[in-house]
1. List the lysines whose Cα lies under 16 Å from the Cα of Lys244, skipping any in the same chain that are fewer than 8 positions away.
2. Can you tell me the length gained on complete extension of the stretch Glu161 to Arg144, counting 0.36 nm per residue apart and subtracting the Cα distance?
3. Under the rule of at least 5 residues apart or a separate chain, name every residue whose amide H is placed under 5 Å from the amide H of Val46.
4. When Lys and Arg each count +1 and Asp and Glu each count -1, what net charge do the other residues less than 15 Å away from Glu182, Cβ to Cβ, add up to?
5. What is the sum of charges, Lys and Arg at +1 and Asp and Glu at -1, for the other residues whose Cβ falls under 10 Å from the Cβ of Leu212?
6. Between Glu71 and Glu182, what is the spin-label point distance in nm, taking each point 7 Å from the Cα along the Cα→C-beta axis?
7. Can you tell me what share of the DSSP beta bridges in the chain is antiparallel? A percent to the nearest 5 is fine.
8. Hey, got the dipole for the stretch 82-202? About the Cα centre, +1 on K and R Cβ, -1 on D and E Cβ, debye to the nearest 20?
Amino acid sequence: MSKWKNTIFTGAGTAIITPFKNGAIDYESFGKIIEDQIAKSIDAIVVAGTTGEAATLTHEEHCDVIKYAVEKIAGRVPVIAGTGSNDTAYGIELSKYACEVGADALLLVTPYYNKATPKGLIKNFIETAEATDKPIILYNVPSRTGCNIPLSVYKELAKHERIVATKEASGNISYIAEVIAECGDSLDVYSGNDDQIVPIMSLGGKGVISVLSNVLPEETHTLAKLCLDGNFSGAAKMQLDYLKLINALFCEVNPVPVKTAMAELGWCDIEMRLPLCEMEDANKAKLLAAMKEKGIL
């Protein structure tokens with residue numbers, strides 16, 4: 001097997017928030033969150049993804065937050081940099097930078113808004129892989145991008161030595177089972193939805209890229225490890241036990257609820273960039289009630 005086809009991580013990787021303060025990135029809070037994540041056994045950190053509000057980071061901020069995370073984490077867990085774009089050339093520019101500063105892998109979302117054809121998707125990802133020198137995790141989230149990665153595209157991309165995994169957030173368990181069955185060891189699959197960790201890992205998934213783990217890193221790590229150890233009954237119990245909280249963390253568009261939760265826990269300010277804004281009162285009450293029920297608040 002090519003060295004590039006080695007698994008990047010198993011278990012729970014946090015799609016980490018980007019804290020803001022007075023309009024700028026709050027690196028003091030960001031550093032504290034990273035240290036807490038590592039202290040509580042998280043298996044990887046994904047920076048500048050959807051949960052990190054990458055869509056409203058400036059180019060300089062996007063680069064700086066990746067560099068900061070790489071330097072702060074200093075090899076203790078893998079750092080996966082979100083560098084996908086709806087403009088392939090710009091995505092390649094970001095990806096090259098992330099490789100240069102030492103990210104361990106790249107997370108590449110399907111090009112949003114453009115809704116590329118299967119041929120366009122293949123060219124987008126292959127050109128990025130050819131221009132960079134780190135393993136790539138594809139990111140399939142059609143609810144946000146308007147574009148699903150077809151099985152034929154997955155099978156073609158899995159042949160490339162540096163395209164090693166996918167974060168599957170389509171929500172379609174039947175489809176994800178097909179991807180795992182058809183791509184086998186040539187493409188690792190991570191759950192992109194916290195409510196589907198156990199189902200996907202029971203089919204052979206390697207872990208989760210998680211929003212929940214911002215709030216509960218140790219518990220999310222434990223849930224994924226139970227799956228890796230083959231204890232699916234114990235993992236399912238945890239999955240169901242945290243289901244109400246997971247649902248509350250997605251009762252408004254991510255990352256609004258999780259950033260609100262992190263602020264309530266004292267990790268950061270409740271500050272997002274428009275068009276994201278503070279939660280509706282009823283939804284916030286639902287989130288806080290779920291957190292209190294689990295003893296987090």
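The values are calculated or read from the model by the stated rules, or taken from the named source; none is laboratory data. Bear in mind that the values here come from a model prediction, so they are computed numbers and not experimental data. Glycine also receives a Cβ, built like all others from the backbone with ideal geometry; neighbour counts cover every protein chain displayed. What goes into the accessible areas is simple: the full protein's heavy atoms, side chains included, and nothing from ligands, DNA or RNA. Shrake-Rupley method; radii C 1.70, N 1.55, O 1.52, S 1.80 Å.
1. By straight Cα distance, Lys244 reaches Lys284, Lys286, Lys292, Lys294.
2. Once the chain is fully extended between Glu161 and Arg144, it gains 3.4 nm.
3. Amide H neighbours of Val46: Thr14, Ala15, Ile16, Ile80.
4. Working: positive: Lys155, Lys159; negative: Glu156, Glu168, Glu178, Asp185, Asp188.
Charge balance in the 15 Å sphere: -3.
5. Net charge around Leu212: -3.
6. 4.4 nm
7. Roughly 5 percent of the beta bridges in the chain run antiparallel, per DSSP.
8. Magnitude of the dipole: close to 340 debye.
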